[in-house]
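Visitor: Please read through the structure below; I'll follow up with questions.
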């Protein structure tokens, strides 16, 4: 997946995050060093899912000690998110945060999924971009199969 994203986007920041591919094989000191340098919401979510022990021992205490926690900090900490169902608070969330809220608040999963789907349906289609992405993905699959 990383290879596909890198092929689609020559962003230098994405290239810097290549270390996540070797994360499971890194020594604890190196993990801490990289986390200190690259700490961000995206890395926190990745490690929440891919390295729960590191998340529990390093990231969770840091997030818990923050004075002003973001929605994502609260989501990662397992906090009560029901306040974000209020219209004003919900309206301030971006689409990813809304999807995460739907994953956490089970009784709202269907309605939030429908809401996110409706937002997606409002986007005008970009046929050229779709075709480029499809062609790149098809090439990546063929290349991966040939390499195996």
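Visitor: Which is outside the structural domain of residue 19 (by TED's automatic domain parsing), touching a helix residue (DSSP H, G or I) at 6+ places or on another chain (Cβ under 6 Å) and buried (at least 16 other Cβ atoms within 10 Å of the Cβ), of 100, 63? Working first, answer last.
Guide: Values: 63 fails: outside the structural domain of residue 19 (by TED's automatic domain parsing).
Only one candidate passes the filter, namely 100.
Visitor: I'm trying to understand the selection: among the residues of region 74-88, which are without any contact (Cβ under 8 Å) to a residue 12 or more places away in the chain, part of a helix (DSSP H, G or I) and under 21 Å from the mean Cα position of the chain (by Cα)? Working first, answer last.
Guide: Of the residues in region 74-88, the ones without any contact (Cβ under 8 Å) to a residue 12 or more places away in the chain are 74, 78-80, 83, 86-88.
Then keep just the ones that are part of a helix (DSSP H, G or I); that gives 74, 83, 87-88.
The answer is 74, and nothing else.
Visitor: Taking the stated definitions as given, is residue 15 part of a loop (DSSP other than H, G, I, E, B) and either within 30 Å of residue 138 (Cα to Cα) or without any contact (Cβ under 8 Å) to a residue 40 or more places away in the chain (or both)?
Guide: No.
The values are calculated or read from the model by the stated rules, or taken from the named source; none is laboratory data. Being a predicted model, the structure only gives us computed values, none of them experimental. A quick note on method: Cβ atoms are made from the backbone with ideal geometry, for glycine too, and the neighbour counts reach across all protein chains shown.
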